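The values are calculated or read from the model by the stated rules, or taken from the named source; none is laboratory data. In this text the structure is predicted, and so the values were computed from the model without any measurement. Don't worry about glycine lacking a Cβ; one is built from the backbone with ideal geometry, like all the others, and counts go over all protein chains shown.
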Amino acid sequence: MMQHAHAPVHAAAAPPRPLGGQNRISPNNRFIPICEHADQEIGTTASRRTRRGDFLRAATWAISQGLHPKAGDTTLRVARDLAARLNADGHVAYCRDTTWRRLGVSRRTLERHIAVLRELGLLVWAVHGTRTNTRPAGSGEWAGTATIYAAVVPRAWDDAVGHRVRGHGYHARHVGFTERGRQLAIADACRRIRPARRRDTPSCKTNHPRPTAEMRGKKNNTSAPQGARPRPCRRHEVPEPYRASPGQAAHAVSVAAWVRPRVPWTQGEGLRRLAFALRPWIATGLSAADLAADLSAWHVSRRPASPASVIMARWSETADHDVPAAEPVGGEETARGVPPNAAFLAAMDTVRARLTSLSPRVEPEPDQPGFVIRDRILASLAEADRARRARTAEQCLTFAEWESVCDAREGAPW
């Protein structure tokens with residue numbers, strides 16, 4: 001990489017030296033290419049300095065007008081590549097070895113089109129590159145000096161588009177427009193304005209019949225008849241078992257917040273999605289402790305991809321089993337189970353009472369307010385800081401740690 005190949009160049013150009021016969025328009029109004037290298041310097045050029053937009057427009061104009069017999073589409077590609085790398089001063093590093101690879105042309109082709117841009121008065125030399133090594137002798141490294149070009153526009157382009165220019169040479173300035181130039185600038189601005197985006201494409205428009213307005217009286221502000229267009233239904237209907245009021249939804253979220261840390265395989269699910277999946281189970285009257293116990297007994301993989309989907313699928317299976325079976329055709333009687341007797345029901349009540357006494361129901365703990373949690377955290381941090389400052393020299397592992405303890409004691413407030 002050559003020196004200052006990518007660094008912004010702030011070369012102070014020498015004031016333009018007026019030359020005789022710098023007007024590059026022949027008596028028959030034909031552009032004369034600038035073939036002398038002496039007229040392609042930043043201090044001797046008849047073109048004025050410019051920025052990216054005018055440089056590209058001038059290059060397009062010069063190539064489309066056929067001012068140079070060797071200028072073409074490749075010349076415009078080279079100009080666009082240089083314009084994309086212009087800095088704030090309108091200077092650009094040549095970087096020949098990377099530019100011809102980026103453009104997909106040969107090195108000789110790139111050099112030829114750069115020369116065409118110079119002859120069109122669109123590029124001038126700001127710094128001539130050299131292969132002299134700029135690194136210290138004996139360092140084993142080599143770095144030359146990059147060639148720096150300055151973007152300019154010829155006076156012929158200013159005259160063609162109606163620019164009023166003050167001054168001469170590189171430091172000339174564009175100060176206004178002629179009457180014809182103003183019209184051309186307005187037309188060019190209108191052409192470059194992007195059209196407003198449509199809200200929908202023609203293929204998305206509908207041609208449904210619309211009711212005509214009823215004209216009553218002499219007023220021109222009329223409205224369509226009431227009830228002419230039915231109100232569209234909701235796009236996403238929530239299934240019946242999952243519908244809930246705002247209060248029920250908030251209660252489901254609090255239950256899910258209590259259940260999730262106690263059931264490992266549900267900890268990968270979002271809180272609101274888990275609360276939505278648990279709504280049917282909560283509606284049956286199950287408490288948070290009962291839900292945690294039931295979910296822990298399910299045979300589920302350690303980390304399912306979607307715990308909410310597992311819960312919803314299990315509810316669908318349960319709801320399907322609860323649907324009563326259809327009556328058999330032909331009057332056939334089916335075998336019915338024997339109802340439990342009184343002794344069995346009494347034994348079941350005894351077992352439930354014993355289990356309740358051994359493991360009473362755990363009601364969900366109320367959520368702590370945010371300021372209580374914050375005060376606890378601050379108090380624990382303050383206690384840890386006091387314990388750190390109260391350490392003795394024997395409790396410190398290194399001398400630097402003991403010095404930090406002493407500094408903390410000196411800096412602590414009384």
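Counting only residues that are of a type in the set (D, E, K, R) and either free of Cβ contacts under 8 Å to residues at least 40 places away in the same chain or out of contact with any strand residue (DSSP E or B) (no Cβ under 6 Å at 6 or more places or on another chain) (or both), which one in region 149-175 is surrounded by the most Cβ atoms within 10 Å (Cβ to Cβ)? Filtering region 149-175 for residues that are of a type in the set (D, E, K, R) and either free of Cβ contacts under 8 Å to residues at least 40 places away in the same chain or out of contact with any strand residue (DSSP E or B) (no Cβ under 6 Å at 6 or more places or on another chain) (or both), the one surrounded by the most Cβ atoms within 10 Å (Cβ to Cβ) comes out as ARG155.
Looking only at residues of region 267-281 that are in contact with a Pro (Cβ under 9 Å, 6 or more places away or on another chain) and part of a helix (DSSP H, G or I), we find that the one that is surrounded by the fewest Cβ atoms within 10 Å (Cβ to Cβ) is ARG273. Candidates in region 66-93 are the residues that are touching a residue at least 12 places away in the same chain (Cβ under 8 Å) and over 33 Å from the mean Cα position of the chain (by Cα); of these, the one that is surrounded by the most Cβ atoms within 10 Å (Cβ to Cβ) is ALA71.
Residue under question is ARG303, and the condition is that it be within 30 Å of GLN368 (Cα to Cα), in a loop (DSSP other than H, G, I, E, B) and at pLDDT below 85; does it hold? Spelling it out, ARG303 is indeed within 30 Å of GLN368 (Cα to Cα), in a loop (DSSP other than H, G, I, E, B) and at pLDDT below 85.
Across region 361-393, the qualifying residues are those that are at pLDDT below 80 and charged (D, E, K, R), and the one among them that is nearest to TRP258 (Cα to Cα) is GLU365. So is LEU286 surrounded by 14 or more Cβ atoms within 10 Å (Cβ to Cβ), under 21 Å from PRO241 (Cβ atoms), of a type outside the set (Phe, Trp, Tyr) and at pLDDT 90 or above or not? For LEU286, the condition - surrounded by 14 or more Cβ atoms within 10 Å (Cβ to Cβ), under 21 Å from PRO241 (Cβ atoms), of a type outside the set (Phe, Trp, Tyr) and at pLDDT 90 or above - is not met. Residues of region 84-108 that are in contact with a helix residue (DSSP H, G or I) (Cβ under 7 Å, 6 or more places away or on another chain) and β-branched (Val, Ile, Thr): VAL92, THR99, VAL105.
Looking at VAL372, is it closer than 30 Å to SER254 by Cα and out of contact with any strand residue (DSSP E or B) (no Cβ under 6 Å at 6 or more places or on another chain)? Yes: the conditions hold for VAL372.
Scanning region 101-114 for residues being buried (at least 18 other Cβ atoms within 10 Å of the Cβ) and of a type in the set (A, V, I, L, M, F, W, C) gives a total of 2.
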